[in-house]
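Student: So that we are looking at the same thing, I have put the structure below in structure tokens.
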Amino acid sequence: MKSKTFLNNSLRSRVKGQLWIPILLAIGFFLAFPVAGIMSLENWDGYRYTAEQIARCYQNLWKDGFVLSGAIITFAAAFINGVNGFWYLYSSEKVDFYHCLPVKRSRMFWQKVTAGIGYFLIPYVAMEFLAVCVGALRGYFSLALMGMALKMLFVHLVLYLWSYFCVVLAISLTGNLLMGGLMTAGIFLYGPIFGYIMEASKINFFQTYTTNNSIQWNQEYAGLSFSPLTMISILRNEYSTGQGYWKNILLMLLLAVIVAAAAFFAYKKRPMETAGKSMVYRFVGILVEFMIVIPAGLGTGILFYMLSGGGKKDLWYVLGLVFGTLLIHCLLQVIYKLDFRKFFDAKLQLVLTGACVALAALVFRFDLLGYDAYLPEYEKLEKIEVSWSVLSGRENINDKYEEKDGTFKGSDWWSEAEKSSDLYEDIRYIVEKQEERNQGESYENYANPITLKYTCSSGKTAVRKYWASAEEKKEILRACDRTGEYRKNKYSFLQIPSEYLKSINCDYINEESYSIPQKEREALLEALKQDIEDADTETLLGIPAAGLSFNYSNVPGTDGEQTDVWGYAYVYPEYERTLAILKETGYPLSMEEIDIESVKYSVVGLRVSDEEKYLTDRKALEELKKALIPYDFETGWIDIEDRIFVSVKIAGDRNESVYYLIKDRMPQFMKDEVEKEYEKNGEQSPYFTEDMVEAEESWID
């Protein structure tokens, strides 16, 4: 009873003496909520938004802007309150004073925690309520908005508890300001820094590694979820879309409970005489050294590797590994012992951490775990999906659009391929050829890698990037089109009602563009839809005759928002309905209709000169014309010769146009010219290599 009474009196006196903390936080939340809300409303008025548009923007402010601004002040509050409550642990005099009081350590710990939570909650609730009032005075108030405010309060409270107990744990495990600051920074930054080191190692040493996009990396790398700084960024994106954020909130709450328990026991068991020392618990110091030295050694090694050039990258990698491991270990010993003479102490730990760094480096450098060779067993493979976003030229398939209740929502998509033993063997062949195709510069013959995603029956997913030939890509595309979903998702933007269609532009084979008149758009749109539906797979693997870009504006999206949509579709020679309409414009729809005046070309390579040469012979131009394809019509499944730069002068045009050459249509005189240029500069052209292989196979037969 005496302990409880003393504790209550101490809490009241503590609050009176530290009113500056809630006042300071109130100012911060005042700027984050009411001031930010007022400024946003004034800006929207200045942009002459309608009342309906302002209402939607204000609702989005509670789902996005306030979440971020509130999180920034929440981090500051967690740091201030954590340091303020437990700062005394770094002073032996204060430790002697506080721990000699008639109060149990457990009671004292929770008393300080209670004060810290109160310092955060009171100004937060007051300023958030004031922000609601600001909106209500302008006529933007609803029960749904109040619900959003309560949810945001819970989100920021969970984030505060997690961050606050991280600070308390760092202070409870350390004995001085320097180590406490480093420990706090390490807790907040360790996950993302470690992730970036692993990312850099995979990019440099794994031939099939790809992140595809930042969102995918956020989902796949679990280490980001253990840092409050990166978790709030992930959570903000999920919270703004209203999907999947509760699982991360619950994860944050679980982590807050775990860190709170660790901080409590570290505080309760902390010896009084450790004030002023670097680490309170020796085993924690050893654990921290392994956690820091291993990624630091790997990080320094990969940094040296990336900065080096020529043929000595591996040597620089080894030097970086040794330098980083030795330096960080020695610095930690100086910080631990607070004595520069202890620079080379703990030699056994140095040997062990060095061995771990060496093992990790070998795993990455020589792919000892078989990352690049990974291919799930056929029986365990549930589905194979393909990303065509970098393979479809200007079509650039990124989003599919789904209609629901008159609104359209865009989302990333993967094209599922029809699973078959033939497709599996094709992919196995591609996987086995990766090491060979990545040697030297041979990968240039497999431009634009293909990205596959494997999903096993267990739910495990894996994403890999492969160099594949044009024919191999065609086989995979054929498998995708057999499911019926490929072209449905690829051309889903065409299902948006034509009332939102702002313009259609046609890109012709002579690289000129034409805007389709409004009166012809509806007929052209319907003709294209019908042609796409009737086309067989081989048509979609052909060479485009034209390209159509579609621009939609003010398309109704989710939550009452409006958005602009852009889509692109190639027009193939088999699209008879579409071509019949485009012919009326008078522009050419095949290379045969173009009169080429001259061609300027150069052969390029690592050591090959790029001297420009001119071609004006009519017969040669007619032969070369069959191999030309406009720059904008290149796709991943068309085998392009990208070592020849071709500039075409069309009769009647002032400017020259850039074209690619299709390999299997290149005239022999152009191949001979390439061969001559490579021989002159001491290189072998790909055609020379292909001829040698064919000759060897013929001899063997």
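Student: Which order, highest average first, do 66-72, 510-516, 121-127 follow once you tally other Cβ atoms within 10 Å for each residue and take the mean per peptide?
Tutor: 66-72, 121-127, 510-516
Student: With the cut-off at 47 Å, report for the chain the share of all Cα pairs above it, as a whole percent.
Tutor: Tail of P(r) above 47 Å: 39 percent of Cα pairs.
Student: Modelled label-to-label distance, Ser92 and Met272, 7 Å Cα→beta-carbon offset: nm?
Tutor: Inter-label distance under the simple model: 1.3 nm.
Student: Convex hull over the alpha-carbon atoms of the range 323-392: what's its volume per residue in Å³?
Tutor: Convex hull volume per residue, Cα atoms: 189 Å³.
Student: Magnitude of the Cβ-charge dipole of the chain, K/R +1 and D/E -1, about the Cα centre, nearest 20 debye?
Tutor: 6880 debye
Student: Please compute the contact order of the chain in relative form: average sequence separation of alpha-carbon pairs under 8 Å and at least six residues apart, divided by the residue count, as a percent.
Tutor: Relative contact order comes out at 9 percent.
Student: A further question on this structure: Taking loop as defined by DSSP and a crowding limit of 11 other beta carbons within 10 Å, which chymotrypsin sites (Phe, Trp or Tyr not before Pro) in the range 363-394 fit?
Tutor: Qualifying residues, ordered by number: Phe366.
Student: Per residue, how big is the convex hull of the range 363-410 when only Cα atoms are used? Give it in Å³.
Tutor: Spelled out: Cα convex hull of the range 363-410, divided by residues, is 164 Å³.
Student: In the range 534-629, what GluC sites (Glu not before Pro) fall in a loop by DSSP, with at most 16 other Cβ atoms inside 10 Å?
Tutor: For GluC sites (Glu not before Pro) across the range 534-629 that sit outside H, G, I, E and B with at most 16 neighbouring Cβ atoms in 10 Å, the list reads Glu561, Glu574, Glu584, Glu611, Glu612.
Student: Inverting the mean 1/r over all pairs of different Cα atoms, compute the Kirkwood radius of the range 54-97 and quote it in Å.
Tutor: 13.0 Å
Student: Might you work out the accessible area of Tyr140 for me, using a 1.4 Å probe with all protein chains in place, and round it to the nearest 10 Å²?
Tutor: Accessible area, nearest 10 Å²: 40 Å².
Student: Roughly to the nearest percent, how much of the accessible area of the range 273-353 is carbon and sulfur, given a 1.4 Å probe?
Tutor: Within the range 273-353, the accessible surface is 75 percent carbon and sulfur.
Student: Something else: Find how much the distance from Lys626 to Ser420 grows on full extension, using 0.36 nm per residue of separation minus their present alpha carbon separation; answer in nm with one decimal.
Tutor: Additional length available on full extension: 70.6 nm.
Student: Can you give me the solvent accessible area of Arg236 with a 1.4 Å probe, rounded to the nearest 10 Å²?
Tutor: Taking all protein chains as shown, Arg236 has close to 70 Å².
Student: Give the aspartates and glutamates whose C-alpha is closer than 15 Å to that of Lys502, dropping any in the same chain fewer than 8 places away, or say none.
Tutor: Glu520, Glu522, Asp564
Student: Can you return the lysines within cross-link range of Lys671? Criterion is Cα-Cα under 20 Å, with same-chain partners fewer than 8 residues away left out.
Tutor: Qualifying lysines at Cα under 20 Å: Lys600, Lys613, Lys619, Lys625, Lys626, Lys663, Lys680.
Student: Sticking with this one: Compute the normalised compactness of the range 449-596: alpha-carbon radius of gyration over 2.2 N^0.38 Å, N being the residue count.
Tutor: 1.22
Student: Round to the nearest 0.05 the FRET efficiency obtained for Cys133 and Thr211 when R0 = 56 Å and r is the Cβ-Cβ distance.
Tutor: Here the calculated transfer efficiency is 0.80.
Student: I would also like to ask the following. Which of the trypsin sites (Lys or Arg not before Pro) found in the range 391-435 are loop residues per DSSP with 16 or fewer other Cβ atoms within 10 Å of their Cβ?
Tutor: Filter output for the range 391-435: Lys419, Lys433.
Student: In deg cm²/dmol, rounded to 500, what helix-only [θ] at 222 nm does the chain give when every DSSP H run of at least 4 residues adds -39500 (n - 2.57) and the total is split over its residues?
Tutor: -18000 deg cm²/dmol
Student: Anything in the chain that counts as a DSSP H helix reaching 27 Å or more along its axis (C-alpha) with Kyte-Doolittle mean of at least 1.0? List them, would you?
Tutor: Helix filter hits for the chain: 65-86, 143-173, 177-205, 245-268, 282-307, 313-337.
Student: While we're here: Just to be sure I understand the model, the point goes 7 Å from the Cα along the line to the Cβ. What's the resulting Lys502 to Asp45 distance in nm?
Tutor: 2.9 nm
Student: Read phi for every residue in the range 483-490 and hand back ³J(HN,Hα) as whole Hz from Karplus 6.51 cos²θ - 1.76 cosθ + 1.60, θ = phi - 60°, with x for Gly and Pro.
Tutor: Using θ = phi - 60°, the values come out as 6, x, 8, 4, 6, 4, 6, 4 Hz.
Student: Which whole-number value in Å³ per residue fits the convex hull of the alpha carbons of the range 337-444?
Tutor: Dividing the Cα hull volume of the range 337-444 by its residue count gives 303 Å³.
Student: Using Cα positions and a limit of under 18 Å, work out the aspartates and glutamates in reach of Lys347, with same-chain residues fewer than 8 apart set aside.
Tutor: Straight-distance partners of Lys347: Glu289, Asp339.
Student: A further question on this structure: So what does Cys166 come to for accessible area, using a 1.4 Å probe and Å² rounded to 10?
Tutor: 10 Å²
The values are calculated or read from the model by the stated rules, or taken from the named source; none is laboratory data. These numbers were taken from a predicted model, which means no experiment stands behind them. Glycine also receives a Cβ, built like all others from the backbone with ideal geometry; neighbour counts cover every protein chain displayed. Only protein heavy atoms, including side chains, enter the accessible area calculation; ligands, DNA and RNA are left aside. Shrake-Rupley method; radii C 1.70, N 1.55, O 1.52, S 1.80 Å.
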